[in-house]
Amino acid sequence: MRRFEIAIRNGIVLTMNDEMRVYNPGSVGISGSEIKYVGKEEVRGEEEIDAGGCVVMPGLINCHTHSPMTIFRNAFEDQPLEKWLKEYVWPVEMRLKPEHVRAGARLAAIEMALAGVTCFNDMYFFMDEVAKAAVEVGIRGVLSEGLVELFSDKTSEEILKRGVKFAEEYHGWKGMIWAMLGPHAEYSCSLDFLNKVREEADRLKVGIHIHLAEVKPPVDEFIKKHGKTPVKALDDIGFLKNDVLLAHAIYLNDEDLKILKERKVAVSYNPVSNMKLASGAARIEEMMKLGIRVGLGTDGPGSNNTLDMLQDMKIAALLQKLKYMDPRSLPAKTAVRMATRGGAEALNLDHLIGSIEPGKKADLIVINTRKARYLPLRDPYTAITYCSSGSDVRDVIVDGKIIVRNGELQTVDLEEATMEFEKVVTDLFQ
């Protein structure tokens with residue numbers, strides 16, 4: 001019988017590999033930071049996790065969020081996006097200090113870890129603090145400093161320099177952090193600025209994370225000003241490449257979709273935030289049929305309000321069924337893939353994470369499906385998509401380390417982190 005440092009036994013293993021292989025019952029063997037074995041063979045380990053009655057799957061990948069915005073959770077509710085940003089969020093953000101971001105990001109990383117998120121794609125300010133929080137909790141981060149020209153008292157060069165500095169210092173940090181450049185959106189950054197971002201991304205060999213075509217009024221204004229859609233304008237300046245991830249991408253025409261396919265651009269689908277802010281529903285069904293890489297994101301806690309990817313999978317599927325008035329749109333298996341392997345592909349990390357395969361990083365979660373609302377568990381993909389919640393996550397392994405065991409965080413003092421967070425909220429909103 002083969003032995004490993006960590007052995008997961010007796011579970012329903014969703015590999016999310018190219019063949020979408022399922023082992024029931026299945027085993028996973030982990031040594032160091034890597035998966036060494038997956039299959040039906042019974043294995044043993046120095047540490048063992050009995051996954052009987054559970055689903056074992058790759059860690060969830062949150063493709064778009066603003067993690068420090070936990071500080072905005074349950075505040076400024078039920079407002080249109082433009083008003084929400086300009087009248088409520090941005091004025092508070094002007095007063096943010098590194099310690100505020102640190103506390104908000106740490107609570108977010110804890111929330112994500114407990115809910116099975118092992119990697120997240122984040123854009124905000126003071127991103128060095130976000131990187132430190134993620135590594136402390138034990139999850140991976142793809143991080144970009146938010147670069148906003150609109151309303152800034154800094155020059156474009158100063159703004160871009162901040163993003164470049166973070167990328168230079170943190171890309172590859174501790175083997176857990178990757179950097180991107182993060183121009184905020186087509187309505188908050190000029191085309192000239194975006195062209196410079198593209199040049200720096202090429203030089204640094206990092207990707208670009210940008211909000212695009214999220215709500216209709218700014219898109220209409222952009223077209224009126226430039227005589228073309230945001231996608232067409234970005235393509236014309238050479239901005240769009242396979243290292244670009246577009247958050248939202250709701251208001252796209254057929255030509256836009258064709259351009260995204262040709263340029264191999266990825267998209268983050270953020271259904272809960274889009275519904276809550278009444279932004280609209282992205283054309284995900286059509287994107288996927290074209291072969292566009294699509295990952296799933298929660299967006300920030302200020303507009304979701306949770307970072308629960310398992311709950312969002314259900315809403316992601318239901319919104320597409322409603323948009324196309326077709327119950328076959330975004331089926332359960334596709335939703336699970338989008339939240340795991342699809343996210344890894346969208347972030348160009350598929351060679352490392354996103355599936356349970358020998359040689360990949362050991363980022364896995366165990367979900368307790370021995371609960372009344374899952375039974376009978378006829379199909380694991382359907383059960384995970386339509387029945388699950390982040391509170392069902394029992395065990396989480398990242399980089400070969402158990403960071404959540406039996407629902408308890410192993411890396412950070414939750415009470416201390418909560419108290420620090422509450423002090424920050426009081427400081428900002430008193």
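Inter-part distance, segment 99-151 to segment 268-342, computed on C-alpha centroids, equals 22 Å. Ligands, DNA and RNA left out, the accessible area of segment 384-430 computed with a 1.4 Å probe is 49% carbon and sulfur. Within segment 409-430, list the residues whose amide N lies under 18 Å from a label point set 7 Å along Cα→Cβ of residue 92. What the label zone holds, given the 18 Å backbone N cut-off, is 418-430. The C-alpha atoms of the chain define a longest principal axis, and helix 156-170 lies at about 20 degrees to it. If R0 equals 22 Å, the separation of the Cβ atoms of residue 136 and residue 205 corresponds to a calculated FRET efficiency of about 0.25. Test of understanding: what is the full-extension gain from residue 155 to residue 258, defined as 0.36 nm times their sequence separation minus their Cα-Cα distance? Computed gain between residue 155 and residue 258 is 33.6 nm.
Stretched out straight at 0.36 nm per residue, the stretch from residue 422 to residue 351 would grow longer than its current Cα-Cα span by 21.7 nm. Remark: segment 389-399, residue by residue, has Karplus-estimated 3J(HN,Hα) of 8, x, 5, 7, 6, 9, 9, 9, 10, 10, 6 Hz, where x stands for each Gly or Pro and the curve is 6.51 cos²θ - 1.76 cosθ + 1.60 at θ = phi - 60°. Cα-based values for segment 63-190, radius of gyration first and Dmax second, are 14.4, 40 Å. Compared with the alpha-carbon gap, the fully stretched path from residue 99 to residue 281 is longer by 62.0 nm at 0.36 nm per residue.
Take the Cβ atoms of residue 241 and residue 373, set R0 to 25 Å, and the FRET efficiency comes out at 0.05. The candidates 147, 414, 319, arranged from most to least accessible area with a 1.4 Å probe in the full protein assembly, appear as 414, 319, 147. Using only C-alpha positions, report the orientation-averaged shadow area of the convex hull of segment 198-352, nm², one decimal. If I average the Cα hull's projected area over directions, I get 9.4 nm².
Eigenvalues of the Cα gyration tensor times 5, then square-rooted: what semi-axes does that give for the chain, in whole angstrom, largest first? In descending order, the three semi-axes are 34, 24, 20 Å.
Expressed as cubic angstrom per residue, what is the convex hull volume of the alpha carbon set of segment 1-96?
180 Å³
With a simple spin-label model that places each label point 7 Å from the Cα along the Cα-to-Cβ direction, the separation between residue 3 and residue 220 comes to 6.9 nm.
The amide H of residue 269, built 1.01 Å from its N in the peptide plane, has 295, 296, 297 as neighbours under 5 Å, considering only residues 5 or more places off or on other chains.
Of all beta bridges that DSSP places with both ends in the chain, some 40 percent have antiparallel geometry.
Greater than 25 Å separation of Cα atoms is the criterion. Which listed pairs, 83/258; 161/276; 196/224; 97/132, meet it? Intermediate values should be presented prior to the final figure.
Values: 83/258 32 Å; 161/276 34 Å; 196/224 23 Å; 97/132 15 Å.
The answer is 83/258; 161/276.
The values are calculated or read from the model by the stated rules, or taken from the named source; none is laboratory data. It should be emphasised that the depicted structure is a prediction, and the values quoted were computed from it without experimental measurement. Virtual Cβ from ideal backbone geometry, glycine too; neighbours counted across all protein chains shown. Each accessible area value is taken on the protein alone, full model and side chains, heavy atoms only, with ligands, DNA and RNA left out. Shrake-Rupley method; radii C 1.70, N 1.55, O 1.52, S 1.80 Å.
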